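K.L.:
This structure is in structure tokens; I'll ask about it shortly.
The values are calculated or read from the model by the stated rules, or taken from the named source; none is laboratory data. A quick note: this is a predicted structure, and the numbers were derived from the prediction, not measured. Note: ideal-geometry Cβ built from the backbone for every residue, glycine included; neighbour counts use all protein chains shown. Ligands, DNA and RNA are excluded from the accessible area calculation, which covers all protein heavy atoms including side chains. Shrake-Rupley method; radii C 1.70, N 1.55, O 1.52, S 1.80 Å.
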Amino acid sequence: MEPEENIVNGSCKFDNEKRISLLEPRFECPICLNCLKDPFLTKCGHRFCQDCILEWIRNKKREWCPVDQNKIQERDLFPDNYTRREITQQMVRCSFPNCETITPLLDLEKHLVENHENNKSNLNGDVVDDIAKKAESWEAPSKNQCNTQVQLITTLYERVVQLEQKQRESELQLEQKTRQEQKTKELIMQLEYKTRDLELQLTNSRATINNMLIERDQFLSQLPRKICNGCHVWNVVNIKQKLLAMSKEPSEMYYSEGFYTSYLGYKFCARLNLSPNNPCYLSLLVHLMKSENDHILGWPFKGRISFTLIHPISLEHSLSEVMCTKSGLKAFERPVAAISPRAFGYTEFALIDDVINKGFINDDESVNIKIEINCV
């Protein structure tokens, strides 16, 4: 044995005694008996050289397969690229004596013609004599033996062709399956990208909806104070706790919610704290607040302001005071901060003892102060 790298086992067999190279049947054209050139495959599974089978059909006008006589036409032929690649990859050793050349199968004939055509007369005489002696003693096989061998070879050849055809179909199916799997993977990736995009859009939509809900709640909570036309009732809760806290810390102040003189009017809030002049009294004042309407309003603010400490049982015992704005006061100029630092009102609005002892405190320990502001 002579194992060689890049020589495909079985592509060519060597007779050590005669050095004759034998071509594999599956690479042999049944018409020219040479190695297949540009192999074509028939619908019945047999391979031929392109030129051989086309000449067989066109020039000789034979519309049947040379191997099994099945009816074929030129449209029943197609290139056998798989076998072409196999032949291209076959490497063989030159069968000429004392030649160790290894060449591609398709180039073997060219190599023999170029290098050994003129050396036939130099063959060893012993080899020629040996061949002649064996030729004299050779007996031709009977016709039945030939037919049997031909039938056996034909059957084996057809079986090989069928197996190769099945192998080729399996490879095609595998390629199709691989392509389908790749397409499926790409589709899955596209769906994943779309899912992530939709999830991101959903998250953004939820955030937008939440912001809209917050804005809606803020708007609805402010709406009653925007359409109150300057009349606001301030419910001061836990009044006793607030009075105690202010007595401990005289600088403690409490503010009402902002309210408007009209939907597009001025914005005010009320302030409650101990009188800085007399801690026995509560001070009640108003502050202008910065709003979205300030740029369309006239400044300074001019109007009338009234305070009413509502008696929960007898309205006639309620404590009321009315005042009008005065020109030149910074308290009524357009505010620059969220709440104007200047206030206007009464520094001694009500005695704390009167608030506690004369029934102004509700059952839930709150008091109600009504503020009315009218523009002039």
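K.L.:
Would you check which residues across the range 97-114 are in contact with a His (Cβ under 8 Å, 6 or more places away or on another chain) and open to solvent by 40 Å² or more (accessible area, probe 1.4 Å) and list them?
P.N.:
Answer for the range 97-114, where residues must be in contact with a His (Cβ under 8 Å, 6 or more places away or on another chain) and open to solvent by 40 Å² or more (accessible area, probe 1.4 Å): just Thr101.
K.L.:
Something else now. Is it the case that Arg271 is in contact with a strand residue (DSSP E or B) (Cβ under 9 Å, 6 or more places away or on another chain) and either among the charged types (D, E, K, R) or surrounded by 12 or more Cβ atoms within 10 Å (Cβ to Cβ) (or both)?
P.N.:
yes
K.L.:
Output the residue which, of all residues in the range 115-137 that are within 26 Å of Leu36 (Cβ to Cβ) and open to solvent by less than 80 Å² (accessible area, probe 1.4 Å), is modelled with the lowest pLDDT.
P.N.:
His116
K.L.:
For the range 194-227, enumerate the residues that are open to solvent by 90 Å² or more (accessible area, probe 1.4 Å), polar (S, T, N, Q) and under 26 Å from Ile373 (Cβ atoms).
P.N.:
The one that is open to solvent by 90 Å² or more (accessible area, probe 1.4 Å), polar (S, T, N, Q) and under 26 Å from Ile373 (Cβ atoms): Gln218.
K.L.:
What single numbered condition from (1) over 58 Å from the mean Cα position of the chain (by Cα); (2) touching a residue at least 40 places away in the same chain (Cβ under 8 Å) fails to hold for Pro300?
P.N.:
Checking Pro300 against (1) over 58 Å from the mean Cα position of the chain (by Cα); (2) touching a residue at least 40 places away in the same chain (Cβ under 8 Å), the one that fails is (2).
K.L.:
Okay, moving on. Does Gln69 count as within 56 Å of the chain's Cα centre (by Cα), more than 13 Å from Val161 (Cβ to Cβ) and polar (S, T, N, Q)?
P.N.:
Values: within 56 Å of the chain's Cα centre (by Cα): no; more than 13 Å from Val161 (Cβ to Cβ): yes; polar (S, T, N, Q): yes.
In short, no.
K.L.:
Turning to a different aspect of this structure: Do the conditions hold for Ser291, that is, is it free of Cβ contacts under 8 Å to residues at least 40 places away in the same chain, of a type in the set (Gly, Ala, Ser) and surrounded by fewer than 18 Cβ atoms within 10 Å (Cβ to Cβ)?
P.N.:
No, not satisfied.
K.L.:
If you go through the range 46-69 one residue at a time, do you hit one that is of a type in the set (Val, Ile, Thr), in a helix (DSSP H, G or I) and modelled with pLDDT of 80 or more? Break it down into steps so the answer makes sense when it comes.
P.N.:
So the first thing to find is which residues in the range 46-69 are of a type in the set (Val, Ile, Thr), and the list is 53, 57, 67.
Retained after the next criterion (residues that are in a helix (DSSP H, G or I)): 53, 57.
Next, from what is left, pick out any that are modelled with pLDDT of 80 or more: 53, 57.
Yes - at least one qualifying residue is present in the range 46-69.
K.L.:
What are the pairs with Cβ atoms under 8 angstrom where one residue, in the range 73-90, is touching a residue at least 24 places away in the same chain (Cβ under 8 Å) and the other, located anywhere, is hydroxyl-bearing (Ser, Thr, Tyr)? Sequence gap at least six, or different chains.
P.N.:
These pairs meet every condition: Asp76/Thr42; Leu77/Thr42; Gln90/Ser11.
Here is a yes/no grid of residues against (1) open to solvent by less than 30 Å² (accessible area, probe 1.4 Å); (2) at pLDDT 95 or above:
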{"site": "Arg304", "(1), (2)": "no, yes"}
{"site": "Phe307", "(1), (2)": "yes, yes"}
{"site": "Ile310", "(1), (2)": "no, yes"}
{"site": "Glu316", "(1), (2)": "no, no"}
{"site": "Leu319", "(1), (2)": "no, yes"}
{"site": "Lys326", "(1), (2)": "no, no"}
{"site": "Ala337", "(1), (2)": "no, yes"}
{"site": "Pro341", "(1), (2)": "no, yes"}
{"site": "Tyr346", "(1), (2)": "no, yes"}
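K.L.:
What is the residue count in the range 322-359 for residues that are of a type outside the set (D, E, K, R), closer than 20 Å to Val286 by Cβ and part of a loop (DSSP other than H, G, I, E, B)?
P.N.:
Summing the residues that are of a type outside the set (D, E, K, R), closer than 20 Å to Val286 by Cβ and part of a loop (DSSP other than H, G, I, E, B) in the range 322-359 gives 11.
K.L.:
Next question. Could you tell me which numbered condition Glu74 fails, if it satisfies all but one of (1) surrounded by 13 or more Cβ atoms within 10 Å (Cβ to Cβ); (2) more than 19 Å from Gln165 (Cβ to Cβ)?
P.N.:
Going through (1) surrounded by 13 or more Cβ atoms within 10 Å (Cβ to Cβ); (2) more than 19 Å from Gln165 (Cβ to Cβ) one by one, Glu74 breaks only (1).
K.L.:
Considering the range 150-189 alone, what residues qualify as being of a type in the set (Ser, Thr, Tyr) and more than 49 Å from the chain's Cα centre (by Cα)? Don't jump to the end; show me each part of the working.
P.N.:
Here is the first cut: in the range 150-189, the residues of a type in the set (Ser, Thr, Tyr) are 154-155, 157, 170, 178, 184.
Within the range 150-189, Thr154, Thr155, Tyr157 meet the criteria.
K.L.:
Only residues that are touching a residue at least 60 places away in the same chain (Cβ under 8 Å) and over 60 Å from the mean Cα position of the chain (by Cα): list them for the range 242-271, please.
P.N.:
Leu243
K.L.:
Next question. Quick one: count up the residues across the range 78-87 that are outside any strand (DSSP E or B) and either open to solvent by less than 10 Å² (accessible area, probe 1.4 Å) or touching a Leu at 6+ places or on another chain (Cβ under 7 Å) (or both).
P.N.:
Adding up the residues that qualify gives 3.
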